[in-house]
Amino acid sequence: MNTIVVFASGSGSNFQAIIDAIENETLDAQIAGLISSKKQIQAIQRAKKSGIPVRVINPSDYRNPEEFGIALLRQLHLWNPFLIVLAGYTVKVPDQVISEYRNQIINIHPSLLPKFGGRGYFGKKVHKAVLEAGEKISGCSVHFVDENYDEGPIIAQRQVPVLEEDTPDSLAERILDEEHKLLPEVIARLLSESDN
Ligand code: GRF
């Protein structure tokens, strides 16, 4: 089974890109569910609209990362995904989840890693730093998730030109368009390469 579980913390436009790719049959996968790190995010509305089960598992409801990890694993064991996709998930995945699903968790990041990755590089901060550094090219990366933020092996990247007149918002928007193509493509490739 090509079962995936998506983790999200925000607007969920990458989650939507996965839903759309499944609907238009460019991606052969089933989304078992969405794990959201908080209530009332747009990603949850998107899941509901498409009939995808949602579980809110908020790290601040747990005493420590280990207990948070146990809650995540309990839900993952029920859904039994082959692949976990972090799509705008802003929480550190606990180590026991990473070790149980080693090389089965991927993340999308809005820069050409290893540049502009790691702790503190999220959202608009990434694009602001790219502009301040005078980069001529930026883009997005999909990588396997390991114990260190944004450091796992890179699976695929897509480049986007940085324009003279770019603001963090305009650059983010241009990169997001590429993210929406790259993420479903990578998922399709990983699922087709597997024997699951
Ligand atoms: C994307 O830029 C993604 O690369 C980063 O967070 C953003 C999420 O956007 N990890 P969305 O929630 O998918 O719209």
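The values are calculated or read from the model by the stated rules, or taken from the named source; none is laboratory data. Computed from a predicted model, the values in this text were never measured in an experiment. For neighbour counting, all protein chains shown are included, and Cβ atoms are generated from backbone atoms with ideal geometry for every residue, glycine included. These area figures cover heavy atoms from the full protein model, side chains too; ligands, DNA and RNA do not enter into them. Shrake-Rupley method; radii C 1.70, N 1.55, O 1.52, S 1.80 Å.
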Among the candidates SER170, SER192, SER138, residue that is of a type in the set (Ser, Thr, Tyr) and either in contact (Cβ under 8 Å) with a residue 60 or more places away in the chain or under 23 Å from ASN80 (Cα atoms) (or both): SER192
Among the residues in the stretch 127-134, are any of a type outside the set (A, V, I, L, M), touching a residue at least 24 places away in the same chain (Cβ under 8 Å) and part of a helix (DSSP H, G or I)? yes
Checking ILE18, ILE57, ILE35, ILE106 in turn, the sole residue that is farther than 19 Å from LEU183 by Cβ and either of a type in the set (Val, Ile, Thr) or in contact with a Leu (Cβ under 9 Å, 6 or more places away or on another chain) (or both) turns out to be ILE57
Residue in the stretch 31-56 that is farthest from ASN2 (Cα to Cα), counting only those that are of a type in the set (Gly, Ala, Ser), out of contact with any Gly (no Cβ under 7 Å at 6 or more places or on another chain) and in contact (Cβ under 8 Å) with a residue 12 or more places away in the chain: SER37
Hits in the stretch 135-169 - residues which are away from the ligand (no atom under 14 Å from the Cβ), not in a strand (DSSP E or B) and not acidic (Asp, Glu): LYS136, ASN148, PRO153, VAL162, LEU163, THR167
For the stretch 1-106, which helices (runs of 4 or more DSSP H) that fit wholly inside it have 2 or more residues that are within 16 Å of the ligand (Cβ to nearest atom), open to solvent by 20 Å² or more (accessible area, probe 1.4 Å) and in contact with an Asp or Glu (Cβ under 7 Å, 6 or more places away or on another chain)? none
Return a yes/no flag: does the stretch 149-159 have any residue that is touching an Asp or Glu at 6+ places or on another chain (Cβ under 6 Å), small (Gly, Ala, Ser) and within 25 Å of PRO81 (Cα to Cα). yes
For residues that are open to solvent by 40 Å² or more (accessible area, probe 1.4 Å), under 30 Å from ILE98 (Cα atoms) and modelled with pLDDT of 95 or more, tally how many sit in the stretch 151-172. 5
Flag if GLY118 is modelled with pLDDT under 95, away from the ligand (no atom under 11 Å from the Cβ) and either open to solvent by less than 20 Å² (accessible area, probe 1.4 Å) or β-branched (Val, Ile, Thr) (or both): yes
